[in-house]
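One structure is given below, encoded as structure tokens.
The values are calculated or read from the model by the stated rules, or taken from the named source; none is laboratory data. Quantities reported herein were computed from a predicted structural model and do not represent experimental measurements. Quick reminder, even Gly has a Cβ in these numbers, built from the backbone with ideal geometry, and neighbours come from all protein chains shown.
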Amino acid sequence: MMGPYDSVFGNSPFDLDHDGHIDAGEASLIEDTVFSNHDDDDTDFDDFDDSDSGDDF
């Protein structure tokens, strides 16, 4: 039986044992790396602040 990740991630670097099937451990790795929210440490700092337009004449 195919799992939800087999058609996308089977036989990929996430398929750690190269069996063409994504098991629970491999699915956990996929969830933690591909689908996790990496913005947890967001400080609301705006790198592209519009107050400094660069027009320093």
So which residues in segment 7-17 are part of a helix (DSSP H, G or I) and more than 17 Å from THR33 (Cβ to Cβ), if there are any at all?
SER7
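It is to be established whether one or more residues within segment 41-49 are hydroxyl-bearing (Ser, Thr, Tyr), over 15 Å from the mean Cα position of the chain (by Cα), in a loop (DSSP other than H, G, I, E, B) and modelled with pLDDT under 90. Break it down stepwise before answering.
The initial filter retains those residues of segment 41-49 that are hydroxyl-bearing (Ser, Thr, Tyr), namely 43.
Of the ones still in play, those that are also over 15 Å from the mean Cα position of the chain (by Cα) are 43.
After this cut, where a residue has to be in a loop (DSSP other than H, G, I, E, B) as well, the list is 43.
After this cut, where a residue has to be modelled with pLDDT under 90 as well, the list is 43.
Yes: one or more hits.
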In segment 18-32, which residues are β-branched (Val, Ile, Thr) and either in a helix (DSSP H, G or I) or loosely packed, with under 14 Cβ neighbours inside 10 Å (or both)?
ILE30
